[in-house]
Amino acid sequence: MESFCWPRNGPNAPTLVDLGHSWLAYWCLIRVPALLVWVVSAVPLAAQNNPTAETWNVYLQATSVGQRHGSFPALYDGPLSLVSVAEKDVSLTSTVYLGWRWKNTQFYFNPEVAGGRGFSGTNGIADFTNGEITRVASPTPKPYIARLYLTHDFGFGDGREIITSDANQLAGSRPATRYSVTAGRFTLTDFFDNNRYSHDPRTQFLSWATMYNGAWDYGADARGYTWGLVHEFHTPHWSVRYGSVLMPRTANGPRFDRRIFRDNAQQLEGEVDIAPGGHPGAIRLLHYENRARAGNYAEAIHLAQATGTTPDITAVRRVGTLKYGFGLSADQEIRGDIGVFGRLGWNDGKTESFAFTAIDRLASFGVSVKGTSWRRPGDTAASAYTTNGLSGVHALYLALGGLDFLIGDGKLRYGLESVWETYYSAQIRPGMFATLTVQHVVNPAYNQDRGPVWAESLRLHLEWGTGR
């Protein structure tokens, strides 16, 4: 990629972050993956939507997101503020999805390359504007293992469920009623808090608390992945799943806490499928409990008052500190090309935000429309509104100058943070999509003294797959 876009060697060779400050360089950045997937996409996608049983499949994806925000009013800046002058940044992820089946066991391996950065070093907005940034830990693209896991099904009865081919999904059939065990490296969002219309920042909404439930502080490293176990009992009309995974050693850190019997993340979710008038929908209820070497906001405030210092959550961290919360997710097709969705979220708000983002309360709702009615069935237009809040003690901690791992203006005039996001995704050809997104952020980092902010994004997504 260097020979296309920048010099091969030398101390002045630009990084991906440097390229992000130029829209022309953004196109240069995606030139190689675009050409690669453009060529391979000429091969018929024989495996897609093919119910014939696959022994193996392979899928590829490349996603680049270029973003900019303009200058906005701000009475002051802090250590972890979104800077109030205009910014341009870019992210890139490329993934290979390898799947293989042996009887009732499926194996998946996903090597991935990611690089780039978000606005202000991915700081200053709790409901951050680019969901791909959760997979990026360095400005320069670096390879790593995203997923490495196996799933085994124990079937009950003779009923079978038809499965189509997709990334990390082998075509064929699985027992309609089954108990499944998954073990290895994955992201919890592969299994929990699913939503038909808002779950994938590579093809749907970009903002963090719209793509997932932002009040769910799901266990993961800085790239969004973890190691652990997921158990699921699945029937044709309902399912229950439980997961137990590793937590990071430090807030949003790259390394995992190995005190697994004291520090871990557990989640339990029940899902009911509904179909009023023959239109599919689902309701999911999630509960989670995290234990980590985390701090308590009230203790940090009391310590600061006693010592005459600024509250510091890292000064009161203790092994095994509990954080818990609940989430509700629903999606419903209204007719074949229109769907609606929503989420509610709540957590205790007294324990340090540790693994995902600084949100204690959440409400989100939106609508998604396929382009069938304007003769563009591969296109999607969608809009969503998400509002986030903090507990009283959490807001007081920030008002006194405390910092979370991604927000902290040095002071705070508290207000709900809200993000309105609208996007149009256009299918250029099979396997290639271009998306324009506009986001309006009110009270970034819950601060009425800063904002509002407008952010615009251009996303190019490429995918291809085959199997046998």
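Before moving on, here are some points about what is shown:
Listed here are the residues, each with its yes/no results for (1) hydrophobic (A, V, I, L, M, F, W, C); (2) farther than 21 Å from residue 405 by Cβ.
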residue: 136; (1), (2): yes, no
residue: 157; (1), (2): no, yes
residue: 160; (1), (2): no, yes
residue: 164; (1), (2): no, yes
residue: 176; (1), (2): yes, yes
residue: 192; (1), (2): yes, yes
residue: 198; (1), (2): no, yes
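- A single member of 459, 450, 468, 429 is buried (at least 22 other Cβ atoms within 10 Å of the Cβ), closer than 30 Å to residue 97 by Cβ and among the basic types (Lys, Arg), and it is 459.
- Residue in the range 94-101 that is farther than 30 Å from residue 77 by Cβ, of a type outside the set (Lys, Arg), in contact with a helix residue (DSSP H, G or I) (Cβ under 6 Å, 6 or more places away or on another chain) and touching a residue at least 24 places away in the same chain (Cβ under 8 Å) present: yes
- Set 209, 222: member being small (Gly, Ala, Ser), closer than 24 Å to residue 65 by Cα and outside any loop (DSSP other than H, G, I, E, B): 209
- The range 239-263 residues that are assigned to a loop (DSSP other than H, G, I, E, B), paired with ones that are hydroxyl-bearing (Ser, Thr, Tyr) (beta carbon under 7 Å, 6 or more apart): 246/226
- Residue satisfying all of: in the range 433-457; part of a strand (DSSP E or B) and touching a helix residue (DSSP H, G or I) at 6+ places or on another chain (Cβ under 7 Å); farthest from residue 71 (Cα to Cα) among these: 450
- Residues that are part of a strand (DSSP E or B), of a type outside the set (Lys, Arg) and over 30 Å from residue 151 (Cα atoms), drawn from the range 65-93: 65, 66, 67, 69, 74, 80, 87, 89, 90, 91
- The single residue among 134, 140, 164 that is at pLDDT below 95, over 21 Å from the mean Cα position of the chain (by Cα) and closer than 28 Å to residue 64 by Cα turns out to be 164.
- Scanning the range 73-120 for residues that are in contact with a Lys or Arg (Cβ under 6 Å, 6 or more places away or on another chain) and small (Gly, Ala, Ser) gives 74, 114.
- Pairs, first over 19 Å from residue 435 (Cβ atoms) and assigned to a strand (DSSP E or B) in the range 381-397, second basic (Lys, Arg) and modelled with pLDDT of 95 or more, C-beta under 9 Å, six or more apart: 387/361; 388/361; 389/361
- In the range 340-367, the residues that are surrounded by fewer than 24 Cβ atoms within 10 Å (Cβ to Cβ) and over 23 Å from residue 443 (Cβ atoms): 340, 367
- In the range 150-166, the condition of being without any contact (Cβ under 8 Å) to a residue 24 or more places away in the chain, out of contact with any helix residue (DSSP H, G or I) (no Cβ under 7 Å at 6 or more places or on another chain) and of a type in the set (Val, Ile, Thr) is met by no residue.
- Members of the range 318-338 that are among the charged types (D, E, K, R) and surrounded by fewer than 19 Cβ atoms within 10 Å (Cβ to Cβ): 318, 335, 337
- Filtered by the rule that a residue be touching a strand residue (DSSP E or B) at 6+ places or on another chain (Cβ under 7 Å) and surrounded by fewer than 20 Cβ atoms within 10 Å (Cβ to Cβ), the range 198-214 gives a lone residue, 203.
- Selection from the range 294-316 of residues that are under 28 Å from the mean Cα position of the chain (by Cα), part of a loop (DSSP other than H, G, I, E, B) and surrounded by fewer than 19 Cβ atoms within 10 Å (Cβ to Cβ): 312
- Residue within the range 216-226 that is β-branched (Val, Ile, Thr), more than 27 Å from residue 353 (Cα to Cα) and touching a residue at least 24 places away in the same chain (Cβ under 8 Å) present: no
- Test: residue 105 is modelled with pLDDT under 95, more than 20 Å from the chain's Cα centre (by Cα) and under 30 Å from residue 170 (Cβ atoms): no
- Of everything listed in (1) modelled with pLDDT of 95 or more; (2) of a type outside the set (Lys, Arg); (3) under 30 Å from residue 154 (Cβ atoms), the single unmet condition for residue 261 is (1).
The values are calculated or read from the model by the stated rules, or taken from the named source; none is laboratory data. None of the values given here were measured: they were computed from a predicted structure. A quick note on method: Cβ atoms are made from the backbone with ideal geometry, for glycine too, and the neighbour counts reach across all protein chains shown.
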